[in-house]
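Participant: Would you mind keeping the following structure in view while I ask a few things?
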Amino acid sequence: MNVLHITTHLSMGGVTRYLLDVSGALVKKGFGVSVASSGGDCTEYFRSSGIKCPLVPVNTKYEFHPKLIIAIFKVLGYVRREKIDIIHAHTRVAQVVGYAVAALARIPFVSTCHGHFNPGRLSRKIFPLWGRKVIAVSDAVKDHLVRDFGIRADRITVIYTGVAYDEYQSDLTKDQRGKILRDMGLPEGARVIGSVGRLSPVKGYPYLLHALKDLKDALPDVFLVLIGDGPQEKYLKGMAGDLDIERRVVFMHSRFDARRYIPAFDVYVLPSVQEGLGLSLLEAMACGRPCVATAVGGIVNIIQDGRNGILTQPCDTRGLAGAIKRILNDTELAVRIGADARRTVKEKFSLEDTICGMIRFYGEVRGEE
């Protein structure tokens with residue numbers, strides 16, 4: 001089967017990481033896989049995995065931009081040349097292009113919803129463009145699609161995002177950890193609160209900075225590392241200065257090898273106010289890190305409070321600080337939660353399970369023709 005994924009770009013981010021993992025695994029299963037996009041700094045990682053990456057002009061936030069007409073005909077030509085069997089979109093702009101191409105080529109079109117969309121946008125109500133079937137990455141996302149967009153539940157398949165468990169390192173030697181700390185600009189012996197994600201309002205990082213302020217006097221050896229780029233970068237750096245914690249916070253740009261830093265984190269924190277599932281959270285759990293996260297969206301499908309992580313309420317600075325302090329002050333708890341977190345990923349959120357679910361999904365879609 002030949003599958004064409006469409007996304008806006010292949011720059012660092014959750015959707016790009018998801019597509020690389022899924023597409024690479026499908027190639028190993030014998031699928032012909034292409035990912036059409038406007039390109040990005042991760043393109044070569046895709047090509048080195050045997051994934052074709054046609055470039056099309058979809059780098060716009062406006063879902064009906066005139067350039068998408070060009071994109072539609074470029075993708076249509078590619079679909080016909082490569083004998084594509086199914087088109088799979090991953091962003092709103094990609095949905096517009098994919099829907100049009102599938103209609104012209106008379107092949108199945110599907111989409112994946114990776115998070116939450118604004119249900120108030122009139123264009124989504126007039127032109128839903130979800131496709132014949134939709135993948136939701138969590139139960140919370142499925143509920144969102146049914147409740148806010150009126151999609152029938154039987155058109156939605158929940159396929160949890162999975163990670164390649166065996167590729168994540170859980171234990172570091174003292175020398176290995178020391179090197180990572182130096183690479184992050186931290187002193188030897190530092191205890192690290194870490195998070196990886198886009199610096200955007202939905203990630204809730206201001207609450208994490210306030211939590212660090214509450215912790216800084218009681219825990220003088222604790223530092224915060226944020227790995228990611230985004231529209232709130234300047235704001236967050238300014239906030240760190242205003243809170244007098246700028247010397248305790250390390251901002252690192254988005255990087256493809258972010259997973260190599262995670263094993264050095266003493267606590268992984270995802271303080272989101274909204275979250276589809278939380279790929280970075282799964283990666284941290286695969287590394288055996290004790291995690292603190294907010295009870296929003298798909299996170300509640302992953303973490304059982306007190307067993308494989310600790311849940312707090314969104315926007316609750318004190319609750320966040322208390323959960324972090326609890327883990328840092330209780331080594332036995334940290335080890336137990338980290339071990340259970342790693343086991344959870346292996347048993348419930350493996351990449352192999354994701355791929356098996358997607359292959360079944362494609363078979364069902366083609367079977368309806």
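No value in this document is a laboratory result; all are computed from the given coordinates. The model shown is predicted, which means the values in this text are computed figures rather than measured ones. Using ideal geometry, Cβ is built from the backbone for each residue, glycine included, and neighbour counts are taken over all protein chains shown.
Participant: Could you sort 44-57, 88-101, 187-200, 143-156 so that the peptide with the highest average Cβ count within 10 Å comes first and the rest follow in order? Don't skip to the answer; put the middle values down first.
Facilitator: Working: 44-57: 16.3, 88-101: 24.7, 187-200: 19.1, 143-156: 14.2.
Descending mean neighbour count gives 88-101, 187-200, 44-57, 143-156.
Participant: Under the rule a/c < 1.5 gives rounded, and otherwise a/b versus b/c splits prolate from oblate, where does segment 100-148 land using the Cα gyration tensor? Mind showing how you got there, number by number?
Facilitator: Working: a/c = 3.00, a/b = 1.45, b/c = 2.07.
Oblate, because a/c is 1.5 or more while a/b does not exceed b/c.
Participant: Taking the Cβ of each residue in 138, 11 as the centre, tally the other Cβ atoms inside 10 Å and list the residues starting with the fewest. Mind dumping the intermediate values first?
Facilitator: Values: 138 25, 11 17.
Least to most surrounded, the residues fall as 11, 138.
Participant: Sticking with this structure for a sec: Where does helix 331-348 land angle-wise versus the long Cα axis of the chain, in degrees 0 to 90, nearest 10?
Facilitator: 10
Participant: Order the peptides 235-243, 328-336 from the highest to the lowest mean number of other Cβ atoms within 10 Å of their residues.
Facilitator: On the way: 235-243: 15.6, 328-336: 13.6.
With the highest mean Cβ count within 10 Å placed first, the list reads 235-243, 328-336.
Participant: Also, quick follow-up: Mind pulling the angle between the C-alpha long axis of helix 67-82 and the longest principal axis of the chain? Nearest 10 degrees, somewhere in 0 to 90.
Facilitator: Helix 67-82 and the main axis of the chain meet at about 70 degrees.
Participant: Moving to a separate point now. With axes computed from alpha carbons, what is the tilt in degrees of helix 174-183 against the longest principal axis of the chain, rounded to the nearest 10 within 0 to 90?
Facilitator: In the chain, helix 174-183 runs at an angle near 70 degrees to the longest axis.
Participant: Within the set of other residues whose C-beta is less than 10 Å from the C-beta of residue 191, count the net charge using Lys and Arg as +1 and Asp and Glu as -1. Mind showing how you got there, number by number?
Facilitator: On the way: positive: none; negative: 221, 266.
Within the 10 Å Cβ shell, the charges total -2.
Participant: Can you list residues whose amide H is under 5 Å from residue 224's amide H, if they're 5+ apart or on another chain and H is modeled 1.01 Å from N?
Facilitator: So residue 224 has HN proximity to 193, 249, 250.
Participant: Arranged from highest to lowest average of other beta-carbon atoms within 10 Å per residue, in what order do the peptides 301-312, 73-84 appear?
Facilitator: Details: 301-312: 19.4, 73-84: 16.7.
Ranked by mean Cβ neighbours within 10 Å, highest first: 301-312, 73-84.
Participant: Continuing with this model, one more query. Residue 123 to residue 242: extension gain in nm, 0.36 nm per residue of separation minus the Cα-Cα distance?
Facilitator: Length gained between residue 123 and residue 242: 38.8 nm.
Participant: Name the long-range amide H neighbours of residue 89: under 5 Å, sequence gap of 5 or more, or other chain; modelled H, no Pro or chain starts.
Facilitator: 6, 110, 111, 112
Participant: Separate question: So for segment 166-348, averaging the separation of alpha carbon pairs under 8 Å that are six or more residues apart and normalising by length, what relative contact order in percent results?
Facilitator: Numbers: 335 pairs, mean separation 42.7, N = 183.
Over segment 166-348, the number comes to 23 percent.
Participant: For segment 166-348, what class follows from the C-alpha gyration tensor (a ≥ b ≥ c being the square roots of its eigenvalues): rounded when a/c is under 1.5, otherwise prolate if a/b is larger than b/c, else oblate?
Facilitator: Working: a/c = 1.32, a/b = 1.12, b/c = 1.18.
Since a/c stays below 1.5, the shape of segment 166-348 is classed as rounded.
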